[in-house]
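Peer 1: Pasting a structure here, questions to come.
The values are calculated or read from the model by the stated rules, or taken from the named source; none is laboratory data. Values in this document were obtained by computation on a predicted structure and should not be read as measured data. All Cβ positions, glycine included, derive from the backbone under ideal geometry; neighbour counts span all protein chains shown.
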Amino acid sequence: MKVIGKPYPKVDAGPKVTGAAVYADDLNLPRTLHCKILRSPHPHARILSIDTSKAQRIPGVKAVVTGRDLPIRYGILPVSQDERALEFEKVRYVGDPVAAVAATEEEIAAAACDAIEVEYEVLEPVMSITEALKPPKDERIHASRAPLNIHRLLSYEFGDMEAGWARAEHVREDVFFYQGNTHLPMEQHSATAQYVDGKLTLWSSTQVVHYVHRALAKVLELPMHRIRVIGATHGGGFGGKTDPFAHEIVVAKLAMLTGRPVKCTLTREEVFYAHRGRHPVLMHVKTGVDGEGRITAMHFRSALDGGGYGSYGVASTFYTGVLQTVTYNIPAYKFEGCRLFTNKAPCGPKRGHGTPQPRFALELHLDKIAAEIGLDPVELKRRNFVKPFSRTVNWLRVTSCGLEECTNRVLEASGYAQRRRTRGRGMGFAVSTYMSGAGTAIYWNDMPHSEVQIKVDRGGVTVYCGAMDIGQGSDQVLAHVVAEELGVEPSDVRLVTADTDTTPIDLGSYSSRVTFMAGNAAVEAARKMRALLVEAVAEKMEVHGDLSEIEVGDGRIGDFTVSEAFELAEAKFGALSTAGSYKPPRIGGPFKGSGVGPSPAYSYSAAVVEVDVDERTGIVTPLHVWIAHDIGRAINPMLVEGQVEGSVYMALGEALMEEQEYRKGRHKWPSMLEYKSPTFLEMPPIESFLVETDDPEGPYGAKEAGQGPLLPIMPALNAAVHDALGVWIDEVPVTPEKVLKALESGRFGPKAFPEVPWPEEPIRVEPPAPDDLRVGPEFEAAFGVSGAH
Amino acid sequence: MNALDRRSRAVYAQTQFDMLNELDRQVDRRVVTLDVNGEPHQVLVPVHRTLLEVLREDLALTGTKHGCELGECGTCTVLVDGEPALSCLLLPVQVEGAAITTVEGIAAGSELTPLQKAFAELGAAQCGYCTPGMLLSAQALLERQPDPSEAEIREALAGNLCRCTGYLKIIEAVRLTAHRRQAR
């Protein structure tokens, strides 16, 4: 291959190093009005009245809107349509949007927000998992179907649990807690809307132009063809810009009312309230192993602190339970999950979505089992590794799997087995799994998840795709793929992306799906285009029959330069345009809820973290990280390394310091100074290894890299702390206080898992044959299931 | 608890409204002359408007970014007489007469500087939002110390946060630039 597998600078590197890239807040259309949003000062309150009359009289104020102007509810998941752009009945967290102003200047808009009188009836807030599981003092946060302040309850049993427990020679139970944290993108969310001639255009720093498009259509009651959503150059997401947000809908409404462009850029404090970050999760895990340390049964329970609204929460809850089986072979598995509403900023998807918490619990739990039965933790995990090309007890299909090789690479490089045992120094090991895109769209449908169009003419190659580059380099992946197939350089490919008017749909940058899905769509479109070019060249070269002898690459197609080939093809066929699309096959099993967890391929990671722990201060210093990631195939190894290093960095922040904490109903530290995140001074060296397993379904064999490498770091770090001091910290983050407390009692962590009114009967699922790898129509026919699930 | 006790009201509204009118009358506006990227600019601005706002909104130099506007993240870093400074904490009147450099002013024409090239080549810019500030902090370091150690690079850039890269490729880019300069 000519360009696949080779490092190339990103196609947008130039604009980014010169300051020329236009991010959402850099856009300044003539006559733009500035929007400010009035937010609730109370964590839980009923709104009795809203009086905007004084605000409207302030000179420079052009429009004031409240929830009465935008009453239709929305939400990212069809099952959680529980948000309003502006709330007029009830507020559910400090920062919940209540009213908005468009004015000629930002300061006038802010003063007008202050002039809005809102009368609240303050209600008792619910601020923790345990409080949410008790009868509410005043009233429930939402009128959900489940009792108390429970948002959603899940209960599944896969395989024969009784037989699993009966076979176990050793059973262990543990309780873990993973604190919530936030994405903290460098760029605050920003959106500008313009309404001209009955058509609305929104520029936004979003990860998902298509889902914003849908939410706008719903709430504004406009047909989708009259709305255009454009993703501006993106200043960082990590999952935090994956929901449609109030400010996006509000500026659209204000632009419609005023006839002028309206911009809203959140302050850093507001970004903390927009949140949708990591759920705090309390977990209970019970596992049985046989005499050889092989898992016979596992029961995993999770309770998620969801915050004030649904967001992706139902999916997050499933994700705390579904992927355990994709790393380890678990013949009988019970999962109970519970998401609670609390009066905090809503939680949602952050890098690793719902899986870092159970990964942390599972890895430490297995370490403890290993210690108890006198087995090396690496060996115990190895004995249970899932096999490549197999099907799990909960029907997930595993294809390529580099767990063994990843493990070997980090063990060798770190010298884990030969490490010197010195008090205060330690190493920890952990593995993990992540999805290369969700197998199911957020709203069920049979359409492709990603579509790519290519235009070739005498001017060159242009690729059109709805995918949103959030800095991870998805534009580069598109350019790389098309360049490989058409024989040009990636830098010669022009890109038009993330614009709902001009590009075909891609579902967005979430779920580690873009390289896999947009990549596959690009391969298909590019191969069709290549065929046209080769055919035109063959005619000129008078080659007949087998056209494979016509070589494509290094700027040439057969005897011609690519430019000449483009002209030959345009002359022969007329306008040259091809399209490709990708839809993952049906994988999920024949049961309700099987849509969360399936992915066309899973990535695997292994890590060793070395730490120094100061016994007097409790300060944990990471000294070195070794990480191996099964990427399938690295389309651009430089970008993959960037994803791996960025994941390790973000994981270390979570492991050691980042916390979304509340006090008296308020966020404890909604600022970048007090919400601690690692700086240049805290980053240890990282040695990363890319393991290539050539996945049969990935584009050129590629799998995801953006999220998976984050996952093994937290448990490996805690295991390293145990290795150093012999104490367990069964919580994330590992703060100095927790280390010191653990030194007193041997362990720091939650004492018990709360009482949850689980359904009496779980959904019982018969496991598939472990070697049944059928997917798609064949699978659907065999099990009587339909494509949209 | 009776219903009345449980009600709270936005009592500040009227006061705020009056304050705004008052503010508008009193706001001191000044003509300020700024030397930005070697070009003189005269702007009429309220004195409380930050240098960051003036650069982005009055001079349309949107290459300078904002991440917190409280001096916490380093994203708005510019050079004032060659030294890195947070433009969100500076008022234009404080920097009259000083040479201000923004990311738009570091390259000569359309040719990238060695530091910009190294950032692009090594993937030191992912989302790129912190990049302008990083480049300016790093450029100031290299002016002061042409061959910085890794520790010196980390120290000099510690005030600039990045959430994408894990910092390592940025360190590499600064070192590569230094090595290339030494090699010349």
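Table: residues versus (1) buried (at least 24 other Cβ atoms within 10 Å of the Cβ); (2) within 30 Å of A:Phe335 (Cα to Cα); (3) of a type in the set (Asp, Glu).
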position	(1), (2), (3)
A:Gly236	yes, no, no
A:Lys253	yes, no, no
A:Lys263	yes, no, no
A:Glu270	no, no, yes
A:Arg276	yes, yes, no
A:Met283	yes, yes, no
A:Glu292	no, yes, yes
A:Ile295	yes, yes, no
A:Ala303	yes, yes, no
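Peer 1: Return only the number of the condition from (1) touching a Ser or Thr at 6+ places or on another chain (Cβ under 7 Å); (2) within 16 Å of A:Gly519 (Cβ to Cβ); (3) surrounded by fewer than 24 Cβ atoms within 10 Å (Cβ to Cβ) that A:Pro637 does not satisfy.
Peer 2: Every condition holds for A:Pro637 apart from (1).
Peer 1: Among the residues of segment A:318-337, is any over 25 Å from the mean Cα position of the chain (by Cα), surrounded by fewer than 24 Cβ atoms within 10 Å (Cβ to Cβ), at positive phi and assigned to a loop (DSSP other than H, G, I, E, B)?
Peer 2: no
Peer 1: Within segment A:670-699, can you find the residues that are surrounded by fewer than 18 Cβ atoms within 10 Å (Cβ to Cβ), in contact (Cβ under 8 Å) with a residue 40 or more places away in the chain and farther than 30 Å from A:Ala413 by Cα?
Peer 2: Correct list: A:Ser671 only.
Peer 1: Within segment B:71-78, is there a residue that is under 20 Å from A:Thr18 (Cβ atoms) and assigned to a strand (DSSP E or B)? Spell out the reasoning first.
Peer 2: Quick first cut of segment B:71-78, residues under 20 Å from A:Thr18 (Cβ atoms) only: B:74-78.
Narrowing the set further to residues that are assigned to a strand (DSSP E or B) leaves B:77-78.
The answer is yes, given that some residue of segment B:71-78 is under 20 Å from A:Thr18 (Cβ atoms) and assigned to a strand (DSSP E or B).
Peer 1: Out of A:Ala132, A:Ala103, A:Ala115, which single residue is over 30 Å from A:Pro757 (Cα atoms) and more than 8 Å from chain B (Cβ to nearest Cβ)? Talk me through it step by step, then tell me what you get.
Peer 2: On the way: A:Ala132 fails: over 30 Å from A:Pro757 (Cα atoms); A:Ala115 fails: more than 8 Å from chain B (Cβ to nearest Cβ).
Just one listed residue meets the conditions, A:Ala103.
Peer 1: While we're on this one: Which numbered condition in (1) in contact with a Leu (Cβ under 9 Å, 6 or more places away or on another chain); (2) over 20 Å from A:Asp26 (Cβ atoms) is the only one that B:Thr62 fails?
Peer 2: Unmet condition: (2).
Peer 1: What's the number of the only condition in (1) of a type outside the set (Asp, Glu); (2) outside any helix (DSSP H, G or I); (3) in contact (Cβ under 8 Å) with a residue 60 or more places away in the chain that A:Ser647 fails to meet?
Peer 2: Against the list (1) of a type outside the set (Asp, Glu); (2) outside any helix (DSSP H, G or I); (3) in contact (Cβ under 8 Å) with a residue 60 or more places away in the chain, A:Ser647 comes up short only on (2).
Peer 1: Right, here's the next one. Determine which member of the set B:Glu155, B:Glu143, B:Glu172, B:Glu150 is of a type in the set (Asp, Glu), surrounded by fewer than 18 Cβ atoms within 10 Å (Cβ to Cβ) and within 20 Å of B:Glu121 (Cα to Cα). Don't jump to the end; show me each part of the working.
Peer 2: Values: B:Glu155 fails: within 20 Å of B:Glu121 (Cα to Cα); B:Glu143 fails: within 20 Å of B:Glu121 (Cα to Cα); B:Glu172 fails: surrounded by fewer than 18 Cβ atoms within 10 Å (Cβ to Cβ).
Going through B:Glu155, B:Glu143, B:Glu172, B:Glu150 in turn, the sole match is B:Glu150.
Peer 1: Residue check, B:Leu90 against (1) surrounded by fewer than 23 Cβ atoms within 10 Å (Cβ to Cβ); (2) under 23 Å from A:Val640 (Cα atoms), all met but one. Which one?
Peer 2: Tallying (1) surrounded by fewer than 23 Cβ atoms within 10 Å (Cβ to Cβ); (2) under 23 Å from A:Val640 (Cα atoms), B:Leu90 fails exactly one: (2).
Peer 1: Here's a follow-up. Going by what's in this entry, would A:Val94 be described as hydrophobic (A, V, I, L, M, F, W, C), touching a Pro at 6+ places or on another chain (Cβ under 8 Å) and within 30 Å of A:Pro762 (Cβ to Cβ)? First the steps, then the outcome.
Peer 2: Working: hydrophobic (A, V, I, L, M, F, W, C): yes; touching a Pro at 6+ places or on another chain (Cβ under 8 Å): yes; within 30 Å of A:Pro762 (Cβ to Cβ): no.
The answer is no for A:Val94.
Peer 1: Pairs needed: first member in segment B:116-136, more than 7 Å from chain A (Cβ to nearest Cβ) and within 26 Å of B:Glu72 (Cβ to Cβ); second member anywhere, surrounded by 24 or more Cβ atoms within 10 Å (Cβ to Cβ) and of a type in the set (S, T, N, Q); C-beta distance under 6 Å; at least 6 residues apart or different chains.
Peer 2: B:Gly133/B:Thr75; B:Gly133/B:Thr77; B:Gly133/B:Asn160; B:Met134/B:Asn160; B:Leu136/B:Thr77
Peer 1: Can you tell me which residue among A:Ala20, A:Ala24, A:Ala85, A:Ala55 is over 22 Å from A:Arg276 (Cβ atoms) and surrounded by 20 or more Cβ atoms within 10 Å (Cβ to Cβ)? Give the steps one after another, and end with the answer.
Peer 2: Working: A:Ala20 fails: surrounded by 20 or more Cβ atoms within 10 Å (Cβ to Cβ); A:Ala24 fails: over 22 Å from A:Arg276 (Cβ atoms); A:Ala85 fails: over 22 Å from A:Arg276 (Cβ atoms).
From the options A:Ala20, A:Ala24, A:Ala85, A:Ala55, the qualifying one is A:Ala55.
Peer 1: Something else about it: Under 7 Å by Cβ, and 6 or more places apart or on different chains, what pairs join a residue from segment B:141-170 that is more than 8 Å from chain A (Cβ to nearest Cβ) and more than 25 Å from A:Leu184 (Cβ to Cβ) with one that is assigned to a helix (DSSP H, G or I) and modelled with pLDDT under 95?
Peer 2: Final answer for the pair search is B:Pro146/B:Arg181; B:Asp147/B:Gln182.
Peer 1: Further question: Of all helices (runs of 4 or more DSSP H) completely enclosed by segment A:125-224, which ones contain at least 3 residues that are buried (at least 22 other Cβ atoms within 10 Å of the Cβ), out of contact with any Cys (no Cβ under 8 Å at 6 or more places or on another chain) and of a type in the set (A, V, I, L, M)?
Peer 2: So the answer is A:209-220.
Peer 1: Let me ask something additional. Right, A:Val171: β-branched (Val, Ile, Thr) and more than 14 Å from chain B (Cβ to nearest Cβ) or not?
Peer 2: Values: β-branched (Val, Ile, Thr): yes; more than 14 Å from chain B (Cβ to nearest Cβ): yes.
Criteria met by A:Val171.
Peer 1: Just give me the residues in segment B:111-133 being in contact with a helix residue (DSSP H, G or I) (Cβ under 6 Å, 6 or more places away or on another chain), part of a helix (DSSP H, G or I) and more than 20 Å from B:Arg184 (Cβ to Cβ), in sequence order.
Peer 2: Listed by number, the residues that qualify are B:Thr131, B:Pro132.
Peer 1: Just to be sure before I move on: is A:Glu610 within 14 Å of chain B (Cβ to nearest Cβ), in contact with a Ser or Thr (Cβ under 8 Å, 6 or more places away or on another chain) and of a type outside the set (A, V, I, L, M) in the structure I sent? Before you say what the answer is, go through the steps one by one.
Peer 2: Details: within 14 Å of chain B (Cβ to nearest Cβ): no; in contact with a Ser or Thr (Cβ under 8 Å, 6 or more places away or on another chain): yes; of a type outside the set (A, V, I, L, M): yes.
No, not satisfied.
Residues checked against (1) closer than 30 Å to A:Thr242 by Cα; (2) hydrophobic (A, V, I, L, M, F, W, C):
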| residue | (1), (2) |
| --- | --- |
| A:Lys137 | no, no |
| A:His142 | yes, no |
| A:Gly159 | no, no |
| A:Ala163 | no, yes |
| A:Arg167 | no, no |
| A:Val175 | no, yes |
| A:Tyr178 | yes, no |
| A:His183 | yes, no |
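Peer 1: Something else: So, in segment A:431-453, exactly how many residues are touching a Lys or Arg at 6+ places or on another chain (Cβ under 8 Å), part of a strand (DSSP E or B) and farther than 30 Å from A:Leu366 by Cα?
Peer 2: Final tally of qualifying residues: 1.
Peer 1: Let me ask you something else. Please enumerate the residues belonging to segment B:139-172 that are of a type outside the set (Asp, Glu), over 25 Å from A:Ser205 (Cβ atoms) and within 22 Å of the chain's Cα centre (by Cα).
Peer 2: Taking segment B:139-172 as the starting set, the residues that turn out to be of a type outside the set (Asp, Glu) are B:139-142, B:144-146, B:148-149, B:151, B:153-154, B:156-171.
Checking which are over 25 Å from A:Ser205 (Cβ atoms) leaves us with B:139-142, B:144-146, B:148-149, B:151, B:153-154, B:156, B:158, B:168, B:171.
Selection gives B:Gln139, B:Ala140, B:Leu141, B:Leu142, B:Arg144, B:Gln145, B:Ile153, B:Arg154, B:Ala156, B:Ala158, B:Leu168, B:Ile171.
Peer 1: Can you work out which of the residues in segment B:40-90 that are among the acidic types (Asp, Glu) and touching a helix residue (DSSP H, G or I) at 6+ places or on another chain (Cβ under 7 Å) is modelled with the highest pLDDT? Walk me through it before giving the result.
Peer 2: Quick first cut of segment B:40-90, residues among the acidic types (Asp, Glu) only: B:53, B:57-58, B:69, B:72, B:81, B:83.
Checking the rest, the ones that are also touching a helix residue (DSSP H, G or I) at 6+ places or on another chain (Cβ under 7 Å) come to B:69, B:83.
Numbers: B:Glu69: 87, B:Glu83: 98.
The extreme case among them is B:Glu83.
Peer 1: A further question follows. Name the residues in segment B:80-114 that are touching a Leu at 6+ places or on another chain (Cβ under 7 Å) and either under 20 Å from B:Ala173 (Cα atoms) or within 11 Å of chain A (Cβ to nearest Cβ) (or both), would you?
Peer 2: B:Pro84, B:Cys88, B:Thr102, B:Val103, B:Glu104, B:Ile106 - these are the residues of segment B:80-114 that are touching a Leu at 6+ places or on another chain (Cβ under 7 Å) and either under 20 Å from B:Ala173 (Cα atoms) or within 11 Å of chain A (Cβ to nearest Cβ) (or both).
Peer 1: Here are some conditions: (1) surrounded by fewer than 24 Cβ atoms within 10 Å (Cβ to Cβ); (2) out of contact with any Leu (no Cβ under 9 Å at 6 or more places or on another chain); (3) over 30 Å from A:Ile454 (Cα atoms). A:Ile627 meets all but one. Which one does it not meet?
Peer 2: Among (1) surrounded by fewer than 24 Cβ atoms within 10 Å (Cβ to Cβ); (2) out of contact with any Leu (no Cβ under 9 Å at 6 or more places or on another chain); (3) over 30 Å from A:Ile454 (Cα atoms), A:Ile627 violates only (1).
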